[in-house]
Amino acid sequence: MSALTSVAVIGMNDLGRRVVEQLLVRRAYVVALQSHGSPQEVPRGCSVVRVEYSDLEGMTKGFKNYFVSIVVCCLDNEATHTQAIIARAAKAAGVTIFVPSETFLPLSRPLRAGADTYPQYLNSIGIPTLRIVSGIFIEQIPWLVSSPYAPGKMALVGSGDVKASFTSMIDVAGFLGHILMTYPADQLRGQVLHLEGQAASLDEIARLYRKDVVHLNSLDDPFATRLQNQIDRGFGRSGWDAGADVDGLSVASNALWENHRWRRIQDVLPATAFR
């Protein structure tokens, strides 16, 4: 794509800031949309628009004023309920590619009880999407296995012996920056790209770091409990729905970032990460 591509990034969490940085170094024009009063820092070099994510008219105006052609959502889990409004605003503003945040995990959740999943909803309103399925961020593994009832150990819900996809947040951000600024929009629209830095079970990770394992019925964080249960059911691989070819589909899109060495778990997490 052109170096003058205008990209809006929503959510200045760890992933969002890295995505902004990776776009800026590739000469994109980046706009960060933040809610009023947000304390999250924005990388130097991008414009900032203050607007509530529930404000359909304000979001649409922000996209139009900056001629945004691509929207990348990097919202935290508790904020994803606003994504339907953001998608409608992007559609109204003529955005050509919408990257939803939920698809960074291999889990599709309904907008509300009994409703369609996010991918189904986005398809129903006609917004062109690019979905990135990268499994679980390597950087989040310590959070995923922590419990105050197991200090210094890894807390597992379920067997812990089923493999999941783990990909570094840095690699996901870099991959997004690379493909959005390298490939034509018509090659990206409607695509579901599967990434994987390393496949491993939580039990294998415990052995890598020589940590004792404690099996619990649940963790303090309900989302961590749910995610571990999904892993145990076989839904943790980015290509979990490929049947016998789960290994192949999980890494199918890695090659789009030519000559890149994908980080493995021990490249990212030091031995002190698990306390």
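Does Gly234 satisfy the condition of being in a loop (DSSP other than H, G, I, E, B), open to solvent by 20 Å² or more (accessible area, probe 1.4 Å) and touching a helix residue (DSSP H, G or I) at 6+ places or on another chain (Cβ under 8 Å)? Here the answer is yes, as Gly234 does meet what is asked.
Restricting attention to the range 127-152, the residues being open to solvent by less than 10 Å² (accessible area, probe 1.4 Å) and among the small types (Gly, Ala, Ser) number 3.
Can you name the residue in the range 170-187 that is open to solvent by 10 Å² or more (accessible area, probe 1.4 Å) and within 17 Å of the chain's Cα centre (by Cα) and is also farthest from Leu15 (Cα to Cα) among such residues? If you could, list the steps in order and put the result at the bottom.
Of the residues in the range 170-187, the ones open to solvent by 10 Å² or more (accessible area, probe 1.4 Å) are 170, 178, 181-187.
Then keep just the ones that are within 17 Å of the chain's Cα centre (by Cα); that gives 170, 178.
Numbers: Ile170: 8, His178: 15 Å.
Selected residue: His178.
Got at least one residue in the range 160-177 being of a type in the set (Ser, Thr, Tyr) and out of contact with any Gly (no Cβ under 9 Å at 6 or more places or on another chain)? Taking every residue of the range 160-177 in turn, none turns out to be of a type in the set (Ser, Thr, Tyr) and out of contact with any Gly (no Cβ under 9 Å at 6 or more places or on another chain).
What's the total number of residues in the range 237-275 that are of a type in the set (D, E, K, R), part of a loop (DSSP other than H, G, I, E, B), closer than 21 Å to Ala206 by Cα and open to solvent by 60 Å² or more (accessible area, probe 1.4 Å)? Working first, answer last.
Filtering the range 237-275 for residues of a type in the set (D, E, K, R) gives 237, 241, 245, 247, 258, 261, 263-264, 267, 275.
If we keep only those that are part of a loop (DSSP other than H, G, I, E, B) too, we end up with 237, 258, 261, 263-264, 275.
This time we only want the ones that are closer than 21 Å to Ala206 by Cα, so: 237, 263-264, 275.
Now restrict to residues that are open to solvent by 60 Å² or more (accessible area, probe 1.4 Å): 263-264, 275.
Total meeting the criteria: 3.
Could you tell me which of the residues Arg207, Arg264, Arg233, Arg226 is closer than 18 Å to Ala150 by Cα, out of contact with any Ser or Thr (no Cβ under 7 Å at 6 or more places or on another chain) and not aliphatic (A, V, I, L, M)? Full working, then the answer.
On the way: Arg264 fails: closer than 18 Å to Ala150 by Cα; Arg233 fails: closer than 18 Å to Ala150 by Cα; Arg226 fails: closer than 18 Å to Ala150 by Cα.
Answer to the check: Arg207.
Pairing each residue of the range 220-243 that is closer than 12 Å to Val157 by Cβ with any residue that is of a type in the set (Phe, Trp, Tyr), provided the two are 6+ apart or on different chains, yields C-beta distances under 8 Å for Asp221/Trp143; Ala224/Trp143.
The values are calculated or read from the model by the stated rules, or taken from the named source; none is laboratory data. Keep in mind the model is a prediction, meaning the values are calculated, not measured. Using ideal geometry, Cβ is built from the backbone for each residue, glycine included, and neighbour counts are taken over all protein chains shown. Please note that ligands, DNA and RNA were not included when accessible areas were found on the heavy atoms of the full protein model with its side chains. Shrake-Rupley method; radii C 1.70, N 1.55, O 1.52, S 1.80 Å.
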